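To start, the structure itself, in structure tokens.
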Amino acid sequence: MAKTLAVLALASLGLRSMFTGRRAVLTAVLISLPPTCAALIGATSQGGFDWAWAMHGVSLRLVLSSYLIVLTLIHGLSLSSGEIEDGTAVYIHLGILPRWATLLIRFGSTTVLLSILTFAGLALSGLAVAVTMNAPAAALLRLAVRYSFVASVGIGCYLALFLFCGYAFRRPAAVGISATMLWEIVVTFFMPMRFAAYTLTNNLYGLALSLAMDGHPGRWFRYRRGSYEIPSYSEASLYVSLFLGFFLAAAMIAIMNRSIEGKEAR
Amino acid sequence: MILQAEHLNHWYRHVIALNDISVSIPPGITGLLGPNGAGKTSFLRIAIGLMRPTGGTLRVLGASPWNCPAVQKRIGYAPEHDGFFEWMTGREFLRTLARLRGVRDRSAPKTAIEQVRLSDVADRAIATYSRGMRQRLKLAQAIVHRPELLVLDEPLTGTDPVVRSELIELIARFAREGTSVLVSSHVLHEVEALTSRILVLHRGRLLAHGDVHEIRALIDAHPHTVHLRADRPRELAAALVREPDVEEVRVEESHIAVRTRRPDEFYGKLPRILLEGGWRIEEISSPDDNLEAVFRYLTEK
């Protein structure tokens, strides 16, 4: 009973913290980006491509490629190094739950809430496309649901990575941003595909290809005319499972070994 | 013993925070005294299990507190620096922390609020709290789960005299009710008001531990300087230098500096000397009668 109360308090604390201060403002701005872009694409397309591809474009190029990284970077670092910096980690980690359990609960509740918010953004994007391109809203909503599933997998993976950075490194923002820039942006878009097949972005594309695009990559993938094939559903599932498991376990080990120092240490 | 440290060391990269500390602390109130940067906060954070020592061992309430919720739930900790969920009210803050610490008694937050006399402002956002209210709130969250050991890091810093005396009374009450208290401060008289048992830390080293009066006696045994500001300073200096307890008298620009090895005797005779000569004293102060002098003396010993 006591542990259940502690779990509920921790989850509720995490969720309420997300709606306060700068984090809330940044989250609101990020969530409003996909619908804004979708509305702009719809309003300016002039028959250049159909409504489905407008939705695919926003979901793949904006949500899965960059929105997820920024969103989880903000929340992952706030939950880890941010709380150590502002002193609130002292209260959170002096409870009856072990540190690894505290991390797991906060990871879970944050992933669920960010996934719901991302679904809201994608659903609004679908609505924007439906209104501006006179498209069927039900079909767009189905696409939004499918992309939200892929996005929630991405949120879990990136959040685990940034929580690990937050607990393991003294300069987590610098490490997290540079690692992501190098691997997920440079390698995904500019390196040969034998490397790029191992980026999270391409594996999320692999999931999206099966779940949201019925296996037809079309114009949105880099090697659409070459021999390259984006990771299959099974390859992508294996990759994201390993990625999530590895970084979540690494974050749990990092918090179990992290001294929570006060301002005097700086 | 509530706390036992053996050869405890802690480093922040290349800076040593705690240097080979071995000490046993019995139940009751113990003061941890030292200037800023002495290693007090590091010692306390290791004691509550938030930090892992670089070397040595530390046991609190019979076990190592590092990564041990079973020990940590028996400790209440009030940090020095303010780090609150500013958007919460004081009551919400205590309710949340009570649940995190496994308190099932729903009245516990209310009781803690009443104990620290925060009832009037408990439903206000913490962001609107004054310094004194924040110190009380930190104390309330430390006692909300009725711990066996209270660890308080500079609980009186930044408070006005009224709040300070209320907090001192409150901490003393917890101790009377059976809670052991480990309290840090860099001000000697604050610790003296709470307890007679102190540990003196300086630059990560444990310089002395024991009864505050014994440590004061050590201070009084070394040459003690008293500054006097009076009219006709040269005449007063001439009168003082004849006293057997006085080792040296210097007339300086704004005051007379008197050096004595027996400060108690000197202070006892001073009113008589002043009355006999008719001197008017504007100020008596002792640059040695502060914590820095203790550290200087103990470091040089």
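The values are calculated or read from the model by the stated rules, or taken from the named source; none is laboratory data. Bear in mind the structure is a predicted one, so any value in this text is a computation, not a measurement. Virtual Cβ from ideal backbone geometry, glycine too; neighbours counted across all protein chains shown.
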Wholly enclosed strands (runs of 3 or more DSSP E) of segment B:5-70 bearing at least 2 residues in contact with a Pro (Cβ under 9 Å, 6 or more places away or on another chain): B:55-60
Is it the case that A:Ser12 is among the polar types (S, T, N, Q), within 11 Å of another protein chain (Cβ to nearest Cβ), under 30 Å from B:Arg95 (Cα atoms) and assigned to a helix (DSSP H, G or I)? yes
Residue that is nearest to B:Glu80 (Cα to Cα) [pool: residues in segment B:177-200 that are among the β-branched types (Val, Ile, Thr) and either buried (at least 22 other Cβ atoms within 10 Å of the Cβ) or modelled with pLDDT under 90 (or both)]: B:Val183
Subset of segment B:71-109, residues among the hydrophobic types (A, V, I, L, M, F, W, C), in a helix (DSSP H, G or I) and closer than 19 Å to B:Leu152 by Cα, comes to B:Val71, B:Phe93, B:Leu94, B:Leu97, B:Ala98
What's the total number of residues in segment B:67-126 that are polar (S, T, N, Q), within 20 Å of A:Ser12 (Cβ to Cβ) and within 11 Å of chain A (Cβ to nearest Cβ)? 1
Look through A:Ala101, A:Ala120 and report the one residue that is away from every other protein chain (no Cβ under 14 Å), part of a helix (DSSP H, G or I), surrounded by fewer than 19 Cβ atoms within 10 Å (Cβ to Cβ) and modelled with pLDDT of 90 or more. A:Ala120
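From the list B:Gly76, B:Gly90, B:Gly83, exactly one residue is closer than 25 Å to A:Gly82 by Cβ, among the small types (Gly, Ala, Ser), at pLDDT 90 or above and under 24 Å from the mean Cα position of the chain (by Cα). Which is it?
It is B:Gly76.
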Has segment A:104-117 got at least one residue that is under 20 Å from A:Phe169 (Cβ atoms), within 13 Å of chain B (Cβ to nearest Cβ), of a type in the set (Val, Ile, Thr) and crowded, with 19+ Cβ neighbours inside 10 Å? no
Of (1) under 30 Å from B:Thr57 (Cβ atoms); (2) within 14 Å of another protein chain (Cβ to nearest Cβ), B:Pro155 satisfies every one except (2)
Report, by residue number, each residue of segment B:123-135 that is out of contact with any Phe, Trp or Tyr (no Cβ under 9 Å at 6 or more places or on another chain) and buried (at least 19 other Cβ atoms within 10 Å of the Cβ). B:Met133, B:Gln135
Residue within segment A:126-137 that is under 20 Å from A:Ser12 (Cβ atoms) and either away from chain B (no Cβ under 14 Å) or in contact with a helix residue (DSSP H, G or I) (Cβ under 9 Å, 6 or more places away or on another chain) (or both) present: no
Search result, residues across segment A:236-266 that are modelled with pLDDT under 90 and more than 14 Å from chain B (Cβ to nearest Cβ): none
Here are some residues: A:Leu77, A:Leu71, A:Leu94. Which one is surrounded by 20 or more Cβ atoms within 10 Å (Cβ to Cβ) and outside any helix (DSSP H, G or I)? A:Leu94
